[in-house]
Amino acid sequence: MSKSFDDLRQLHKEFIYKGYLISRIPDPKSEGTGEVYHVCFDMEITGLSEFKAVWDFPVSAVKGATTPVKDIDLSDDPIFKELIFALGLTECISYYKIACPKEFRIDCANLSNEEILWWRKLIYNGLGEFMYRNGMYVTEEELVNITCVGSSVSTRRSLHDSRSYSGYLVPVGGGKDSVVSLEILKNEDIVTYTVNGNDTTRAVIDVCEYKSGDYVARRVLDKRMLDLNSEGYLNGHTPFSAIVAFSSVITAYILGKKYITLSNENSANESTVRGSFVNHQYSKSYEFEKDFMTLLRSITDSDIHYFSMLRPLTELQIAALFSDAIPYHKVFRSCNVGSKKGIWCGDCPKCLFVYIILSPFISEDKLTEIFGSKLLDKESLDKDFRELIGIEENKPFECVGTRAEVSACMKHYRLRGGISLLTDRYADYIDAMPYDGTSPIISMLSDWNNEHNVPDRISDMVRKAIEEYAISYKG
């Protein structure tokens with residue numbers, strides 16, 4: 001039986017981030033002499049339960065690391081500890097949401113006033129979809145009040161990092177976006193990064209033969225949280241990409257990697273619920289990216305840079321570049337339902353979106369081979385189609401592109417003579433879209449978003465890739 005937000009807040013008035021413990025121990029997953037930084041985060045919802053979240057960060061250097069990291073013990077390193085603390089605070093959001101207490105107390109550190117506002121914003125915006133879908137209509141101030149065990153400080157001095165960094169850490173999710181990043185950086189020193197990983201990410205990383213190494217951090221959720229979810233406590237979407245952000249910086253710090261190159265595009269900035277702040281992809285947005293770097297610089301002046309190298313591009317442009325990455329076509333998976341099993345479920349909005357966004361660049365026969373069926377002919381995807389194309393007010397709660405991109409793809413599909421159940425059903429809507437006699441796809445391939453944090457040299461590499469594709473594309 002589900003429990004109400006108001007009732008839970010009355011019963012459980014406080015969430016406590018109690019502390020964290022870092023231990024350097026033998027790696028239980030290693031057959032050799034490997035070690036990990038074993039991190040245990042301790043938290044509690046008063047009157048309900050304590051929780052322990054666990055992370056393991058391998059110590060041994062991968063090929064391409066710029067420092068002999070296995071000979072450096074970071075357990076008591078001040079910067080490392082600050083980064084671990086911040087990861088734990090991000091991890092707390094997954095447990096806080098179980099009952100959403102008004103008070104959020106931090107027992108293991110003091111934050112500045114600006115930092116408290118930063119974390120409150122992440123909790124509120126990161127839980128935007130969760131609140132919307134659970135019918136929770138509160139302001140940021142009403143949702144949570146963050147306090148520290150000691151008095152908050154007005155400012156904190158950034159910790160100096162004298163280490164040098166080089167090379168790239170590329171988070172890989174198993175979809176088309178990270179593949180495009182890997183391909184653009186194929187002549188650079190790159191190490192791939194995943195949290196836990198699955199069959200899909202493993203398959204994608206295995207195709208990438210030019211990487212200098214791969215790194216897998218391991219995250220274990222407290223089973224008690226999962227049990228409470230099944231008992232009807234509050235559950236829903238949390239800002240997982242913020243978890244990736246902090247854990248990838250920790251990994252870059254361990255390995256000596258300078259650039260953390262995310263693969264988030266500018267489409268991630270569009271709200272999921274039209275006209276609201278609710279965005280399924282908030283922690284993939286440019287707003288979060290800027291906020292994250294501001295916080296990171298308040299922690300340390302380290303020469304580690306976190307940015308999305310695909311931010312100047314749209315989903316449509318990324319799909320275009322991915323269409324040339326043929327060795328990955330059989331192994332990539334973007335479907336949240338099926339990716340853990342290495343399949344496309346073929347019956348969700350994410351499957352339909354990826355099918356649509358690739359349709360101007362990959363033949364229908366090939367798409368049908370990849371996805372297992374012609375998705376535009378599936379009656380079960382009617383509602384998803386209407387949401388993706390903009391007939392419905394809101395987009396699906398998935399990482400999908402803009403309504404304009406989907407509409408352009410379907411306009412292009414019909415102009416090429418494409419026939420399907422869904423495009424025929426909504427032909428009037430699609431045909432009414434403006435058309436000046438030129439391909440809507442060709443014009444969109446020349447788009448470039450200047451709101452990004454991509455260093456100039458890397459930005460030039462991205463621009464060159466899309467410009468070369470646009471010149472060769474025949475429509």
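The values are calculated or read from the model by the stated rules, or taken from the named source; none is laboratory data. Remember, it's a predicted structure, so these values are computed and weren't measured experimentally. We place every Cβ from the backbone using ideal geometry, glycine too, and count neighbours over all the protein chains shown.
Mind telling me which of the residues ARG274, ARG219 ends up being assigned by TED's automatic domain parsing to the domain that holds PHE292, modelled with pLDDT of 90 or more and basic (Lys, Arg)? After applying the criteria, what remains is ARG219.
Per-residue answers, yes or no, for (1) closer than 16 Å to LEU358 by Cβ; (2) loosely packed, with under 12 Cβ neighbours inside 10 Å; (3) modelled with pLDDT of 95 or more:
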{"site": "TYR413", "(1), (2), (3)": "yes, no, no"}
{"site": "ARG416", "(1), (2), (3)": "yes, no, no"}
{"site": "ASP436", "(1), (2), (3)": "no, yes, no"}
{"site": "ASN453", "(1), (2), (3)": "no, no, no"}
{"site": "ILE458", "(1), (2), (3)": "no, no, yes"}
{"site": "LYS464", "(1), (2), (3)": "no, yes, yes"}
{"site": "GLU468", "(1), (2), (3)": "no, no, yes"}
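Of SER380, SER363, SER359, which residue is out of contact with any Phe, Trp or Tyr (no Cβ under 9 Å at 6 or more places or on another chain), within 19 Å of ARG414 (Cβ to Cβ) and either surrounded by fewer than 20 Cβ atoms within 10 Å (Cβ to Cβ) or at pLDDT 95 or above (or both)?
Exactly one residue qualifies, and that residue is SER363.
Once segment 383-403 is narrowed to residues that are farther than 16 Å from ASN336 by Cβ and in contact with a Ser or Thr (Cβ under 8 Å, 6 or more places away or on another chain), the residue that is surrounded by the fewest Cβ atoms within 10 Å (Cβ to Cβ) is ASN394. When segment 172-188 is limited to residues that are over 12 Å from VAL207 (Cβ atoms) and over 16 Å from the mean Cα position of the chain (by Cα), the one that is surrounded by the fewest Cβ atoms within 10 Å (Cβ to Cβ) turns out to be ASN187. Restricting attention to segment 226-240, does a residue exist that is aliphatic (A, V, I, L, M) and touching a Lys or Arg at 6+ places or on another chain (Cβ under 7 Å)? Scanning segment 226-240, I find at least one residue that is aliphatic (A, V, I, L, M) and touching a Lys or Arg at 6+ places or on another chain (Cβ under 7 Å), so the answer is yes.
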